[in-house]
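Visitor: Handing you this structure, nothing more for now.
Every number in this text was worked out from the coordinates using simple rules, so none of it is lab data. Note that the structure is a prediction, hence the values are computed from the model and not measured. Ideal geometry is used to build each Cβ from the backbone, glycine not excepted, and the neighbour counts take in all protein chains shown.
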């Protein structure tokens, strides 16, 4: 009944009617088409034969878990303009269910309680300052009669926090801020006073960041709620905290008292983070035997490339080891628990290419743990990233603020070099032994950004992939046992349940998320995004999944590129600062949003300006940038996109294609 099945966030189910001997007989039981065509990151929850699931724009659906029949749907009517502040697509990762109510966090910052029988609103509470660039994409968790929720928006200049609300009334019970506010004002608690000593400059004017946007778990024995925090803002520490410091509690794992929100301990995975190494990834509890002694631990495969095993009562480091190639640090000091950084200090001397990139060695895609095998099943990836200081950076609240030179990650002009860069991106499913901190086995995928995992009592591991498959593996050996075409990116965490004694396996499938917005050039080509789906399998299932009709999209001839190199460079910088996060590096769309290189407005400067500055497409989420851009800026961006359109057209028509 809880997100990831239990408070421990193991994403392990003891159900074993589907096992290694018969998983090959899985067939489709039913599928349900969602109402949106953006990213699907939800993990369903099934209670008393009813499946509760979400889709993009925070819609909630109640489905008959046996047949897929819709019982009710709730749309919180989120303004499409809010999508501008959703850095990583307008996704939602699921609901909480408790005592006949379904709780969902809407993208615009509301926490809403619905009646589980018919979906009507019981209460709705605004959890953020809606005048600031806060959003919510995470699933809430109910602990001891309280609904706990965080938020997103670090890059846009907000202050992170996590809050608990009374499940019956929606009234706030406690709140814990993750970074200190203005030190000239009283601190909220001793933890904030302590944290302020690790910052310098005027960080509070940038908000501070460190939002709590994904994983939470709860330990009833210690009464602790565990959560991870995101990066500080801007990314480059030299801009937000000029004299250095750890910048607590950014990029950290934090434990607070479930009743009061009082600080208990923290472990910072990346002190003084300058690389966007959030620590919001899955926080999995387990009881392990380490060095012959029983240990109660919490584990995380952090975005920074290291797998951490911590004592969950004290937060003390037990062990840490890199699970993917890591070039920014050579290890973690077992005594201090701090990373042993190598190379240029926070790219102060010049640009550097590092592993992992800001996409992380592991991102939001949930990992799982099997008590049967003692292994963690981890969606991992190897994606390089270039970092360098943006010498022209100027903070603008509500806009994308990194203070890093994002042009460094743009694609090279040479087609062979572009192909080589794309081929350097790798994705894999790694079975990780957390006791011995080593790999047990791995499955290699067709590129990065693959789905979350689930382990089962049938000794199976399930995972979807970005190239449109849903797979099952032997949990002990990694042998592939079964695969089904989903015809679209399948990134969400799977789950399994029984109805009338029959076991089902469910997963959300749908095109989208941040990688597809930013790095469209590396996305497997699956055609234009159709509406997402919930796809459900059972032994002997005979249903058929509708195959989308993929209509090839041509590349219209763009206007000629006549701008000077200086104009293109200026347009590139403007584009990367204001447009990249939604429309992709080099204006190459991953298919989630319209491809700017193909837009008819490129041929008409006035029409292009009306979109960028006039807000003519604001009902579709393309807000006006008139507050930060001038007419000349819009024209610079248009010229840059025209240049990229000409490169794309030449590539598309090379060899007579």
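Visitor: Return a whole-number percent for the relative contact order of the chain, with Cα pairs under 8 Å and 6 or more residues apart as the contact set.
Guide: 14 percent
Visitor: For the stretch 565-656, what does the relative contact order come out to in percent, with C-alpha contacts under 8 Å and a separation of six or more?
Guide: On the way: 94 pairs, mean separation 31.5, N = 92.
Across the stretch 565-656, relative contact order equals 34 percent.
Visitor: Here's a follow-up. What does the helix-only formula give at 222 nm for the chain: each DSSP H stretch with n ≥ 4 adding -39500 (n - 2.57), the total divided by the residues, and the result rounded to the nearest 500 deg cm²/dmol? Walk me through the numbers before you get to the answer.
Guide: Details: 8 runs with 73 residues, N = 657.
Roughly -3000 deg cm²/dmol at 222 nm, from the helical runs in the chain.
Visitor: Related question: Using the number of other C-beta atoms within 10 angstrom as an exposure proxy, rank 108, 291 with the fewest first.
Guide: On the way: 108 23, 291 8.
So the ranking, lowest neighbour count to highest, is 291, 108.
Visitor: What is the order of 3, 572, fewest Cβ neighbours within 10 Å to most? Intermediate results must be reported in sequence, preceding the final value.
Guide: Values: 3 27, 572 23.
Placing the least packed residue first, the sequence is 572, 3.
Visitor: Now a separate question. According to a simple spin-label model (label point 7 Å from Cα along Cα-to-Cβ), what is the distance in nm between residue 169 and residue 118?
Guide: For the pair residue 118/residue 169, the computed spacing is 2.6 nm.
Visitor: Take the stretch 105-193, drop everything but the C-alpha atoms, weight them equally and run the Debye formula without solvent; then report log10 I(q)/I(0) at 0.17, 0.18, 0.26 Å⁻¹ to two decimals.
Guide: For the stretch 105-193, the Cα-only Debye profile gives -0.76, -0.83, -1.36.
Visitor: Arranged by the count of other C-beta atoms within 10 angstrom, fewest first, what order do 249, 306, 359 take? Walk me through the intermediate numbers first.
Guide: Working: 249 31, 306 26, 359 22.
Arranged by neighbour count, lowest to highest, 249, 306, 359 become 359, 306, 249.
Visitor: Work out, step by step, the length gained on full extension between residue 75 and residue 182: first 0.36 nm times the residue separation, then minus their alpha carbon distance; give nm to one decimal. Intermediate values should be presented prior to the final figure.
Guide: Working: separation 107, 0.36 × 107 = 38.52 nm, distance 3.75 nm.
Once the chain is fully extended between residue 75 and residue 182, it gains 34.8 nm.
Visitor: Now for a different question. Which FRET efficiency, nearest 0.05, do residue 416 and residue 131 yield, Cβ-Cβ r, R0 51 Å?
Guide: Efficiency for this residue pair is about 0.60.
Visitor: May I pose another question? Report Rg (one decimal) and Dmax (nearest whole number) for the stretch 565-656, counting Cα atoms only, units Å.
Guide: 12.8, 44
Visitor: Here's another thing I want to ask about it. So for the stretch 460-579, averaging the separation of alpha carbon pairs under 8 Å that are six or more residues apart and normalising by length, what relative contact order in percent results? All intermediate terms of the calculation are to be shown ahead of the outcome.
Guide: Values: 162 pairs, mean separation 21.2, N = 120.
18 percent.
Visitor: Taking the Cα of residue 290, stepping 7 Å toward and past its beta carbon, and measuring to each backbone N in the stretch 359-375: which are under 11 Å?
Guide: none
Visitor: Which order do the peptides 133-141, 393-401 come out in when sorted by mean C-beta neighbours inside 10 angstrom, highest first?
Guide: Numbers: 133-141: 26.6, 393-401: 17.0.
Ranking the peptides 133-141, 393-401 by packing returns 133-141, 393-401.
Visitor: Let me ask you something else. I want the antiparallel fraction of DSSP beta bridges within the chain, as a percent rounded to 5.
Guide: Details: 127 of 130 bridges.
Once the DSSP bridges in the chain are tallied, antiparallel ones form about 100 percent.
Visitor: Right, another one. For the stretch 69-130, what size does the Cα cloud have along each of its three principal axes, sorted from largest down, in whole Å?
Guide: Computed over the Cα atoms, the extents are 33, 27, 17 Å.
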